[in-house]
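K.L.:
There's a structure below that I have some questions on.
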Amino acid sequence: MILFFIRADVDSDSFIKYCYANYRNVMADVEDLPPSVCVLREQGKKPRLDVEGVHFNLSHSYGVSVLAMSHTEVGVDIEKVRPVRREKFTFIEAKDDKEFFEKWTERESYVKFTGEGIAKIKREIPSDAHFEHFDVFDGYHVAVCAEEQNLIAYELDPSGM
Amino acid sequence: MTLKSKKISNLNAQIAQKEFIVILQKLKQMVQDQLDINVDKVTPETNIKQDLGLDSLDIVEILMSVEEEWGIVIDDSETASIETVGDVIALIEKKTK
């Protein structure tokens, strides 16, 4: 899996295509992927690419976007760690904001992995779900949900879009 | 008689309009208080994610406050279809009638 980060407010479809171009370059030795893609959107479903075997998921939070791209299904969530009225979120038990965001991103990456979406944020998370966590850019937390696999991360230059 | 009923229907429309504005004002205040975002330009057409720049956590927090404030329950399917401030107002109006 590759995680692409960008520190800019970006148009989703342009960013998805930019990430795909980079993913295709990195994967060139392993698989021959088509040069261009379309993003397919259907109401109530995850956006996907018109390419077999390439899955992606995108998340933004306050000026930073992250896109996870993989040969398997994936869900990702990034959040700027900030003060939250944690007592309102009774479905999350956390001793501080840091722990709250670790748990929140885990939940959200899971419902994005399954495709259920944010409406199911309060659902129970199965104990065998696999997550990876990262603290990035001084104050952002990321969780990725996917089957266990190698993972590399890149920061993309907004001017290359 | 027709004139009278017309007046009443106008009045109902005016009341509905007023309710709409009250809900909008309350929502704007909520967003401003909770998220410290400038809400001057918020209209019913404002897209919550794109125009206000709210992320998923902010949206869930606001919807929980809406549920508390108006004593309503927003279903999962309704949450999923919310895009604009107007969508939230329509939901509140529907649920409080």
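K.L.:
Quick one: helix A:12-26 against the long Cα principal axis of chain A, what's the angle to the nearest 10°, folded into 0 to 90?
P.N.:
Once rounded, one gets 60 degrees.
K.L.:
Choose one answer from A:Tyr140, A:Tyr23, A:Tyr62: the residue with the largest mean-square fluctuation in a GNM of chain A with alpha-carbon springs under 10 Å.
P.N.:
Top of the fluctuation ranking is A:Tyr62.
K.L.:
Ranked from highest to lowest mean number of other Cβ atoms within 10 Å per residue, what is the order of the peptides A:42-53, A:72-83, A:144-155?
P.N.:
On the way: A:42-53: 12.5, A:72-83: 20.6, A:144-155: 15.6.
Sorting A:42-53, A:72-83, A:144-155 by mean packing, highest first, produces A:72-83, A:144-155, A:42-53.
K.L.:
Right, another one. Which angle between 0 and 90 degrees, to the nearest 10, do you get for helix A:97-114 versus the longest principal axis of chain A when only C-alpha atoms count?
P.N.:
Between the helix axis and the principal axis of chain A, the angle is about 50 degrees.
K.L.:
May I ask for the Rg/Rh ratio of chain B, computed from Cα atoms with Rh as the Kirkwood radius, given to two decimals?
P.N.:
On the way: Rg = 15.3 Å, Rh = 14.5 Å.
That ratio equals 1.06.
K.L.:
Once phi is turned into θ = phi - 60°, what whole-Hz ³J(HN,Hα) does the Karplus curve with 6.51, -1.76 and 1.60 give for every residue of segment B:25-42, x standing for Gly and Pro?
P.N.:
Rounded to whole hertz, the list is 4, 4, 4, 4, 4, 4, 5, 5, 5, 7, 10, 6, 10, 5, 10, 3, 9, 6.
K.L.:
Sticking with this one: Name the GluC sites (Glu not before Pro) in segment A:86-139 that are in a loop by DSSP and that have at most 14 other C-beta atoms within 10 Å, would you?
P.N.:
Working: sites: A:Glu87, A:Glu93, A:Glu99, A:Glu102, A:Glu106, A:Glu108, A:Glu116, A:Glu124, A:Glu132; in loops: A:Glu93, A:Glu116, A:Glu124.
Taking segment A:86-139 and a limit of 14 other Cβ atoms within 10 Å, the loop GluC sites (Glu not before Pro) found are A:Glu93, A:Glu124.
K.L.:
Rounded to two decimals, what ratio of Rg to Rh does segment B:55-97 give with C-alpha atoms and a Kirkwood Rh? Don't skip to the answer; put the middle values down first.
P.N.:
Working: Rg = 9.6 Å, Rh = 10.4 Å.
When Rh is taken as the Kirkwood radius, the ratio is 0.92.
K.L.:
For segment A:2-160, compute Rg over Rh where Rg is the Cα radius of gyration and Rh is the Kirkwood radius from the inverse mean 1/r over Cα pairs.
P.N.:
On the way: Rg = 15.7 Å, Rh = 16.3 Å.
For segment A:2-160, the value is 0.96.
K.L.:
A further question on this structure: What pairs in A:Lys45/B:Lys41; B:Lys49/B:Lys95; B:Lys18/B:Lys95 have C-alpha atoms more than 28 Å from each other? Don't skip to the answer; put the middle values down first.
P.N.:
Working: A:Lys45/B:Lys41 31 Å; B:Lys49/B:Lys95 23 Å; B:Lys18/B:Lys95 17 Å.
The answer is A:Lys45/B:Lys41.
K.L.:
Also: Using Cα-Cα distances under 8 Å and only pairs 6 or more residues apart, what relative contact order does segment B:2-96 have, in percent? Intermediate results must be reported in sequence, preceding the final value.
P.N.:
Values: 56 pairs, mean separation 29.4, N = 95.
Relative contact order for segment B:2-96 comes out at 31 percent.
K.L.:
Of A:Thr114, A:Thr90, A:Thr105, which has the largest mean-square fluctuation in a 10 Å C-alpha GNM of chain A?
P.N.:
Largest GNM mean-square fluctuation: A:Thr90.
K.L.:
Take the cross-link list A:Lys103/B:Lys28; A:Lys120/B:Lys26; A:Lys95/B:Lys28; A:Lys98/B:Lys26; A:Lys46/A:Lys112 and give me the ones stretching past 19 Å between alpha-carbons.
P.N.:
Numbers: A:Lys103/B:Lys28 29 Å; A:Lys120/B:Lys26 26 Å; A:Lys95/B:Lys28 30 Å; A:Lys98/B:Lys26 31 Å; A:Lys46/A:Lys112 8 Å.
From the list (A:Lys103/B:Lys28; A:Lys120/B:Lys26; A:Lys95/B:Lys28; A:Lys98/B:Lys26; A:Lys46/A:Lys112), the Cα-Cα distance tops 19 Å for A:Lys103/B:Lys28; A:Lys120/B:Lys26; A:Lys95/B:Lys28; A:Lys98/B:Lys26.
K.L.:
Below 8 Å between Cα atoms, with a sequence gap of 6+, how large is the relative contact order for chain A in percent? Write out the running numbers ahead of the final one.
P.N.:
Numbers: 288 pairs, mean separation 42.7, N = 161.
Value for chain A: 27 percent.
Quick note: the coordinates plus some simple rules give every number you see, no bench work behind them. What you see is a predicted model; the values in this text were computed from it and never measured. So basically every Cβ, Gly included, is an ideal-geometry build from the backbone, and we count neighbours across all protein chains shown.
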